[in-house]
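Participant: Have a look at the structure that comes next, please.
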Amino acid sequence: MQHKTNRHLVCHFKELLKLKIMEKKEFPKAEKFSFSDSVAYADGSIVSKILLRNDKGNVTLFAFDQGEMLSEHTAPFDAILQVLDGKTEVTIDGKKNILLTGESIIMPANIPHAVTALEKFKMLLIMIKG
């Protein structure tokens, strides 16, 4: 499902699931896979794919086209962002962090943060409720 939206999104985690493209099919279990190969880029879009979701938290893959962003927002629990491919800028409480393939950062609960694709990039987002 593909939706046209503004490039600048203001959202909380629940709204992340409503991004421009989202696959609703359950991710297969007990089968090997590659994080990076499991989500594809789409021109002018952010693609998200939920790997796991339950009452304890969520694990989601994202693929951002260059220039796409998640505007500053907060989440009620900590989140780990791992860059799988490309380059991004993650701003946490006003501090800009440039992350490259293989690098990660923890975004603290209730602290404003934003994500901007400096080039096409893929990320794994792990959010654990606590």
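Participant: Here are some residues: SER34, SER48. Which one is under 13 Å from LEU124 (Cβ atoms) and part of a loop (DSSP other than H, G, I, E, B)?
Facilitator: Values: SER48 fails: part of a loop (DSSP other than H, G, I, E, B).
Matching residue, one of SER34, SER48: SER34.
So that you can scan it fast, the table gives a plain yes or no per residue for (1) touching a helix residue (DSSP H, G or I) at 6+ places or on another chain (Cβ under 8 Å); (2) assigned to a loop (DSSP other than H, G, I, E, B); (3) more than 21 Å from LYS129 (Cα to Cα):
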{"residue": "LEU52", "(1), (2), (3)": "no, no, no"}
{"residue": "ASN58", "(1), (2), (3)": "yes, no, no"}
{"residue": "LEU81", "(1), (2), (3)": "no, no, no"}
{"residue": "ASP85", "(1), (2), (3)": "yes, no, yes"}
{"residue": "ILE111", "(1), (2), (3)": "no, yes, no"}
{"residue": "THR116", "(1), (2), (3)": "no, no, yes"}
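Participant: May I pose another question? For segment 52-69, name all the residues that are surrounded by 20 or more Cβ atoms within 10 Å (Cβ to Cβ) and within 16 Å of GLY86 (Cα to Cα).
Facilitator: Listed by number, the residues that qualify are LEU61, PHE62, ALA63, PHE64, GLU68.
Participant: Which residue, of LEU125, LEU84, is within 17 Å of PHE27 (Cα to Cα), in contact with a Leu (Cβ under 8 Å, 6 or more places away or on another chain), surrounded by 15 or more Cβ atoms within 10 Å (Cβ to Cβ) and not basic (Lys, Arg)?
Facilitator: LEU125
Participant: So for segment 92-107 (the condition being without any contact (Cβ under 8 Å) to a residue 24 or more places away in the chain, of a type outside the set (Gly, Ala, Ser) and at positive phi), does at least one residue qualify? Steps first, please.
Facilitator: We begin by selecting, within segment 92-107, every residue without any contact (Cβ under 8 Å) to a residue 24 or more places away in the chain; these are 92-103.
Going one step further and asking which of them are of a type outside the set (Gly, Ala, Ser), we end up with 92-93, 95-101, 103.
Adding the requirement that they be at positive phi leaves 93.
Yes, some residue in segment 92-107 is without any contact (Cβ under 8 Å) to a residue 24 or more places away in the chain, of a type outside the set (Gly, Ala, Ser) and at positive phi.
Participant: Quick one: LYS49 ticks every box in (1) surrounded by fewer than 16 Cβ atoms within 10 Å (Cβ to Cβ); (2) over 14 Å from VAL115 (Cβ atoms); (3) charged (D, E, K, R) bar one, so which box is it?
Facilitator: That leaves (1) as the condition not met.
Participant: Next question. Considering segment 90-103 alone, what residues qualify as being more than 12 Å from the chain's Cα centre (by Cα) and part of a strand (DSSP E or B)? Show your work before the answer.
Facilitator: Step one: of segment 90-103, the residues more than 12 Å from the chain's Cα centre (by Cα) are 91-103.
Passing the criteria: THR91, ILE92, LYS95, LYS96, ASN97, ILE98, LEU99, LEU100.
Participant: Being farther than 23 Å from GLY86 by Cα, surrounded by 11 or more Cβ atoms within 10 Å (Cβ to Cβ) and either of a type in the set (Phe, Trp, Tyr) or modelled with pLDDT of 95 or more (or both), is that true of even one residue in segment 4-20?
Facilitator: No: segment 4-20 contains no residue that is farther than 23 Å from GLY86 by Cα, surrounded by 11 or more Cβ atoms within 10 Å (Cβ to Cβ) and either of a type in the set (Phe, Trp, Tyr) or modelled with pLDDT of 95 or more (or both).
Participant: State which residue pairs qualify: first residue in contact (Cβ under 8 Å) with a residue 60 or more places away in the chain and at positive phi and inside segment 64-83, second residue of a type in the set (D, E, K, R) and outside any strand (DSSP E or B) in any location, beta carbons under 9 Å apart, and separation of 6 or more residues or different chains.
Facilitator: Once the first residue is in contact (Cβ under 8 Å) with a residue 60 or more places away in the chain and at positive phi and sits in segment 64-83, its partners that are of a type in the set (D, E, K, R) and outside any strand (DSSP E or B) give GLY67/ARG7.
The values are calculated or read from the model by the stated rules, or taken from the named source; none is laboratory data. Because the structure is predicted, anything quoted here is derived from the model rather than measured. Counting neighbours? That spans all protein chains shown, and the Cβs are built from the backbone with ideal geometry, glycine included.
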